[in-house]
Structures are given as structure tokens and as C-alpha cells.
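What follows is one structure encoded as C-alpha cells, with my remarks underneath.
The values are calculated or read from the model by the stated rules, or taken from the named source; none is laboratory data. Worth saying up front: this structure is predicted, and the values here are computed from it rather than measured. Cβ coordinates were reconstructed from backbone atoms using ideal geometry, including for glycine residues, and neighbour counts include every protein chain displayed. Only protein heavy atoms, including side chains, enter the accessible area calculation; ligands, DNA and RNA are left aside. Shrake-Rupley method; radii C 1.70, N 1.55, O 1.52, S 1.80 Å.
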Amino acid sequence: MKFQVFRNGQLIDKFRICGGYMFGTDGASLRRVKLDFKDGLLECTKPNSDTAGLSLLWPVDGFGMILLPTTCLPDREKPYCLNVEIARARLMHTISRREDWSLFDSSQELEEISHQAHDLFVRAVQQIQDPAAASLLADRSLKMAMVFSERLAMLQAENMFKMRRKAKRFGRNAIGIEVNPDMIDTPGYMDHLAQVAPFAMVPMSWAQLEPEKGRFDFSSVDRCIEALNKKHMVVGVGPLLSFTKEDLPYWLLEGKATFEKIRETAYRFVLEVVTRYNRKVHRWVVVSGLNACNCLGFSVEQVLEMTRAGTTAVNAINSRSFKIVEVSNLWGEYYATVPHTISPVAYMDMVMQSGITFDGFGLQMRFGKNQSGMHIRDMMQISSILDYLSVFGKSLYITGVEIPSSNGQGPCDPRVAGIWHREWAPQRQAAWLEQFTAIGLSKPAVDSIVYGNLVDHEESIVAHSGLMDAQFQPKDAYRTLNRLRDSIYGRRKGK
């Protein structure tokens with residue numbers, strides 16, 4: 001499969017592929033795929049001749065750099081025009097969402113944008129024998145389609161959010177912040193944390209809590225939970241189990257234990273933690289990212305068994321405790337290149353079918369980095385994935401949310417990580433967060449949104465993603481989240 005790539009109606013000779021992967025008709029990314037740009041063509045080599053689509057970071061005039069897909073296309077010798085195929089996919093996606101949401105009564109201005117997008121695309125297809133001319137029309141169509149689809153997603157979100165708020169269907173954990181244990185004793189940190197959210201997640205790492213086998217160090221977690229309890233905040237903890245190299249103790253990584261021994265050791269560790277904090281913690285993220293991060297090379301069956309071991313250990317201490325199984329990289333790009341992984345939907349389905357006892361799925365959503373799963377996507381894609389994952393019938397918890405407030409460098413450079421409308425700035429971060437939270441909390445299945453970073457610090461996964469700068473000066477996003485809290489829970493005394 002080949003694609004011609006045009007900019008401003010001209011066939012380009014240089015093109016940087018960022019976030020590129022191919023996917024099949026089931027949406028799962030394809031393995032053994034090679035993407036290469038040479039001689040003016042983007043060539044996609046895949047292991048079979050089945051129809052497939054391409055996703056990659058793509059510039060949209062006036063809208064930014066967004067990870068966008070084509071539709072699934074059959075192989076052919078003649079190259080496709082990538083500009084046309086991306087526009088086609090966006091229009092088809094928007095039509096499908098509009099039907100699902102039954103949003104046909106919109107403003108005249110919005111309808112005009114929709115008509116223009118479709119008319120421009122029809123003209124592009126009519127001129128497909130002249131790919132350069134067709135690309136110009138497709139680019140204009142895509143620009144209009146992106147504006148229309150995002151405004152449509154926001155219209156649906158605003159309607160549903162108002163209904164949820166009126167019905168008072170938000171619990172105390174609807175808005176949360178992830179705690180930075182290194183800052184818990186910093187003057188003013190806890191006051192700001194309690195000001196912006198009634199719910200806090202305390203991160204946990206097996207490597208830090210059990211640095212030597214059988215020797216535990218709970219001092220950091222103890223300080224965090226004690227400080228949060230003093231502020232009368234809802235407390236969540238986790239992940240208890242994460243199988244990245246950074247989160248596993250060195251003695252476990254360097255050992256040659258069988259899977260059965262690792263599972264037994266993990267079970268005992270979870271028992272130790274839950275026993276200690278059972279009466280002080282309201283939410284447990286039991287297992288995180290096992291669909292994508294599996295450095296010990298577990299098989300599919302072993303991944304499920306480890307998930308079961310974690311939830312069983314929590315149940316052994318308190319069967320009524322609230323247990324979350326967290327899923328990372330929701331669009332599943334990693335599956336194309338990382339061995340011993342499972343696509344997110346397949347993992348969630350297997351957990352549901354296996355009879356594992358748990359209460360909800362955590363969904364990691366970080367954007368703004370040139371890393372699998374973190375390239376910028378638009379609000380229509382975010383709204384759609386939440387709708388899609390709601391079909392499992394479990395509560396959803398959006399976790400670890402991060403978005404930059406200024407341009408970063410290296411993998412956080414917006415030219416390779418993505419841009420939403422304009423260059424990153426505090427106002428852009430706030431606008432993104434306002435739309436994102438409205439969409440997330442408009443979904444009946446979504447129980448809470450936890451932002452991943454209160455204050456900028458060097459260890460942030462996404463650079464400059466804090467709600468406050470390093471000097472504890474609030475950014476626009478901090479005030480945005482405060483307004484959201486007030487709109488849900490009512491204005492607080494003293495404000």
C-alpha cells in the first residue's frame with residue numbers, strides 16, 4: 001500500500017513519520033509492519049493483503065498536529081492520496097457519531113460547516129485523477145470536518161453533562177489529583193491539592209515499598225495518606241502491581257523465579273499493603289498497564305492470572321473494597337511493536353469473561369509526548385473511545401491525565417508530539433482541560449477524572465503539565481478545575 005503526500009498542493013520529498021502504525025478492520029494495530037517514506041511515497045509494508053488503515057500525526061491547517069487515521073483500504077498498485085483518505089475517514093467517523101448521538105438539531109452555523117466539508121470532499125473525489133488538485137480540496141474539507149466534529153462532540157458533552165449535574169450523579173471522587181509524594185511536606189502543597197479536588201490518588205511502586213525482599217518501607221505512603229486524611233479527602237492508592245522495569249524490585253527482576261513464585265510473591269505484597277491501609281483507603285488501583293507493560297514476558301493466560309491474583313488479595317482483606325484494573329495506551333499502538341502484549345480491548349474483554357472480581361476499569365490518558373499512546377488526539381476521538389469502552393458495563397476511571405502548558409523539547413516537542421489548535425500555552429492547556437473534563441464527565445459510565453500532576457517538576461511524564469508552575473503559581477488550568485469543582489459540588493464557603 002502506497003500513499004502520495006501533498007502539502008499546499010505540492011508533492012513533498014521529505015516527510016517525518018510520527019506515531020505511525022497500521023490497523024485492521026477490528027481496530028487492532030498490525031504487527032510486522034514497516035512504514036517508509038522515499039521517492040515521494042509513503043510505503044506501508046504489512047504481512048498480508050487484508051484491508052488495513054494507517055494512523056499518523058498529521059497537520060491540519062488552523063487545528064494543529066493531530067494523530068489521525070485513514071479508513072481501512074485494500075492493497076493496490078496505484079498509490080492513494082493520503083490527504084483525501086484522511087479527510088474521508090474523518091467525515092465517515094463524524095457521520096457515524098452523529099447518528100449514534102442523534103444530534104441532528106444543531107445551529108445553522110454548524111450545519112453550514114458540515115455541508116461545506118462534505119461538498120469540498122465530493123469535489124476532491126471528483127478530481128482524484130489530479131491528486132494535487134484533489135489534495136487541496138481534501139485539506140480544506142478536513143479542516144472544516146475537524147471543526148465540525150469537535151463542536152459536535154462538545155455539543156453532545158454539554159447536553160449530557162448538564163443532565164448528570166442536574167440529577168446529582170457525581171460522587172466525591174468525580175475530580176481527583178495524583179499526589180506527588182516528594183512534595184507532600186512542601187508548605188502550601190496540601191492546601192492547593194485540597195482546594196482543587198476532593199479526591200486524591202497516591203502513587204505506589206513495589207520497587208520503592210519493598211527494596212529488599214521481605215523488608216518494607218512505607219514511610220512515604222504513610223505521610224501522604226496521613227496528610228490526605230487530615231484534609232478529609234477521598235483517598236485512592238495504586239497501582240499495587242505494575243510490571244514495568246521501574247516499578248518492580250531489583251531482586252525480583254534479577255531472580256529466576258517461576259511464574260507461580262512471582263504470582264505468590266505479588267499476592268503477599270498486595271496483602272501486606274492492603275492490610276496496612278485498609279481502613280484509610282477508599283479506592284485501590286490493583287493492577288496497571290498489564291496489557292502494554294509486561295517486562296517479565298507473561299503469556300496471555302499468565303497476565304490474566306496475575307490480574308486475578310491482585311484482585312483476590314485485596315478481596316481477602318476486604319471483599320467490599322473498591323478495586324480498579326487500569327488499562328494503558330487505549331488506542332493500542334504498542335501492540336504493533338511490543339512483544340508479550342495484548343490489545344486494550346482484548347485485555348478488557350478477557351478480564352470481563354474470566355470472572356475476575358473488580359469494580360471498574362482505569363483508563364490512562366496522557367497526551368503531549370512522542371511516545372506510543374501519547375500523541376495528541378482531538379476531542380471527537382476521545383469522546384468516541386469512551387463510548388466504545390463503556391460497552392463493558394463497568395465504571396470507568398480516567399487516570400493520570402496530563403497535557404502541556406508550554407512547548408517542550410525532545411519527545412515533548414510539539415512537532416513530533418502534536419499540537420491542539422495552536423502552540424501550547426497556559427490558556428491552551430486550560431481550554432483543552434475544560435473540554436476534556438466536560439466530555440469525560442458527560443459519559444454515564446465515567447465515575448471520575450484524575451489529573452496526573454498538580455505542580456510542574458522534572459519527573460513529569462509530559463513536560464510542563466502541572467496545574468501550577470514550579471513556584472506554586474496557579475496556571476489557568478488550575479482555575480479551570482476549580483470552576484468545574486464548584487459547578488459540580490456548589491460554591492465553597494470563603495470563596
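List of remarks:
- Boolean, Glu402 is closer than 30 Å to Ser96 by Cβ, surrounded by fewer than 22 Cβ atoms within 10 Å (Cβ to Cβ) and acidic (Asp, Glu): no
- Unique match (being open to solvent by less than 30 Å² (accessible area, probe 1.4 Å), more than 30 Å from Arg169 (Cβ to Cβ) and either of a type in the set (Gly, Ala, Ser) or over 20 Å from the mean Cα position of the chain (by Cα) (or both)) among Ser460, Ser465, Ser448, Ser442: Ser460
- Filtered residues of region 1-44 (kept if among the basic types (Lys, Arg) and not in a loop (DSSP other than H, G, I, E, B)): Lys2, Arg7, Lys34, Lys38
- Selection of region 268-317 for residues being part of a loop (DSSP other than H, G, I, E, B) and among the hydroxyl-bearing types (Ser, Thr, Tyr) yields only Ser299.
- Candidates Val314, Val351, Val325, Val303 - the one that is open to solvent by less than 50 Å² (accessible area, probe 1.4 Å), within 13 Å of Arg263 (Cα to Cα) and at pLDDT 95 or above: Val303
- Here is the figure for region 219-262: residues that are in contact (Cβ under 8 Å) with a residue 60 or more places away in the chain, under 24 Å from Pro198 (Cβ atoms) and in a loop (DSSP other than H, G, I, E, B) total 3.
- In summary, Leu396 fulfils each of the numbered conditions (1) more than 17 Å from Val179 (Cα to Cα); (2) touching a residue at least 60 places away in the same chain (Cβ under 8 Å); (3) part of a strand (DSSP E or B) with the single exception of condition (2).
- Residue within region 44-52 that is under 25 Å from the mean Cα position of the chain (by Cα) and closer than 22 Å to Phe367 by Cβ present: no
- Residue within region 273-284 that is β-branched (Val, Ile, Thr), closer than 23 Å to Ile449 by Cα and under 26 Å from the mean Cα position of the chain (by Cα) present: yes
- Flag if Thr265 is part of a helix (DSSP H, G or I) and loosely packed, with under 14 Cβ neighbours inside 10 Å: no
- Only one of the numbered conditions (1) open to solvent by less than 60 Å² (accessible area, probe 1.4 Å); (2) at pLDDT below 95 is not met by Cys224, and that is (2).
- Any hit, region 30-37, residues being among the acidic types (Asp, Glu) and under 25 Å from Cys412 (Cα atoms): yes
- The condition of being farther than 26 Å from Ala174 by Cβ and either touching a helix residue (DSSP H, G or I) at 6+ places or on another chain (Cβ under 8 Å) or surrounded by fewer than 19 Cβ atoms within 10 Å (Cβ to Cβ) (or both) holds for only one of Val270, Val235, Val286, that being Val270.
- If you go through region 267-280 and keep only what is among the aliphatic types (A, V, I, L, M) and without any contact (Cβ under 8 Å) to a residue 60 or more places away in the chain, you end up with Val270, Leu271, Val274.
- Qualifying residue in region 418-425 (condition: more than 19 Å from Gln473 (Cβ to Cβ), surrounded by fewer than 18 Cβ atoms within 10 Å (Cβ to Cβ) and without any contact (Cβ under 8 Å) to a residue 40 or more places away in the chain): yes
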